[in-house]
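Here, each number is a calculation from the coordinates, and none is a lab measurement. Quick caveat: nothing in here was measured; it's all calculated off a predicted structure. Neighbour counts are summed over all protein chains in view; Cβ atoms, including those assigned to glycine, are modelled from backbone coordinates with ideal geometry.
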Amino acid sequence: MKISIRDHKVPFEPYELYDVIVDDEEIETLVTHDPDMVSEWINDTKTFNQCRLHRLIVGLDVEWRPPSSSSSCCFDPIATIQLCVATSCLIFQILYTSKLPRRLRKFLADPDYTFVGVGVKHDARRLWNYCGLEVSNTRDLRSWAAKELDKKELHGAGLKDLVREVLGEDMKKPKNVTLSRWDNRVLSRDQVVYACLDAYFSFEIGRRLSAWY
């Protein structure tokens, strides 16, 4: 699997726009702390997927500020929320936002949308505990894949394992990026790729398991 990134180099705006390229697939990736940009991404997503809003699958992941030696990891705030539908990804730097968009609250709380990921229920609890954001409908990809593929061992799988089992691809998750400073105001390209792919592959696995298309 070949991974690359292209920077659109948007000048003087409260966001950055990239294409994260997986083989021949381009995932448009918006990185922002601006609540209006988040609302716009949600509006566009709903418009482009109008015919399947009653069964929309959304890849969901979060990253948080790495724990300091003086704090418990339980209290380290969420730094980014990643959402992905098809080839459109949002990386919301919630740590730096001026307010939580009302459209984001409604989007996450809509029971018609299924938010999928590895450990997604844990992520949903963190979003509620730290941000007061309710994720109404979640489905963990591990138990879903274990049932659909009749492989009980997948209950304990990580995202890399599921990508290999369900999509037949080898995914890289560099530890130095996993443990990097997600609370940086400007994310590195490696961080953007990592965050995007976690949400994108979560969506793709959910799509494959549900035969969404």
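List of remarks:
- Around the Cα centre of the chain, unit charges on the Cβ atoms of Lys, Arg, Asp and Glu (plus for the first two, minus for the last two) sum to a dipole of about 620 debye.
- Listed residues Tyr194, Tyr18, Tyr130, most fluctuating in the chain (Gaussian network, C-alpha, under 10 Å): Tyr130
- Take the Cβ atoms of Ile5 and His122, set R0 to 22 Å, and the FRET efficiency comes out at 0.20.
- FRET efficiency, Ala211 to Asn129 (Cβ-Cβ, R0 30 Å, nearest 0.05): 0.30
- Neighbour counts of other Cβ atoms within 10 Å put Trp41, Trp64 in the fewest-to-most order Trp64, Trp41.
- Counting neighbouring Cβ atoms within 10 Å and putting the fewest first, the residues Cys84, Cys89 line up as Cys89, Cys84.
- For Ile27, the residues 5 or more places off, or on other chains, whose built amide H falls under 5 Å of its own are Val20, Ile21, Val22.
- Relative contact order computed over the chain (Cα-Cα under 8 Å; 6+ residues apart), in percent: 22 percent
- Residue-span extension gain [Asp24 to Lys106] - 0.36 nm each, minus C-alpha spacing: 26.2 nm
- Considering only Asp183, Asp24, Asp44, the mean-square fluctuation computed in a Gaussian network model of the chain, springs between alpha carbons under 10 angstrom, is largest for Asp24.
- In this structure, the pairs whose alpha-carbon distance is over 27 Å, taken from Lys9/Lys160; Lys121/Lys152; Lys9/Lys121, are Lys9/Lys160; Lys9/Lys121.
- The candidate values are (i) 48, 45, 35; (ii) 56, 52, 34; (iii) 64, 51, 33; the one derived from this structure for Cα extents along the principal axes in Å carries the label (i).
- Here the spin labels are modelled as points 7 Å beyond Cα on the Cα-Cβ line, and at Phe12 and Phe48 they lie 2.7 nm apart.
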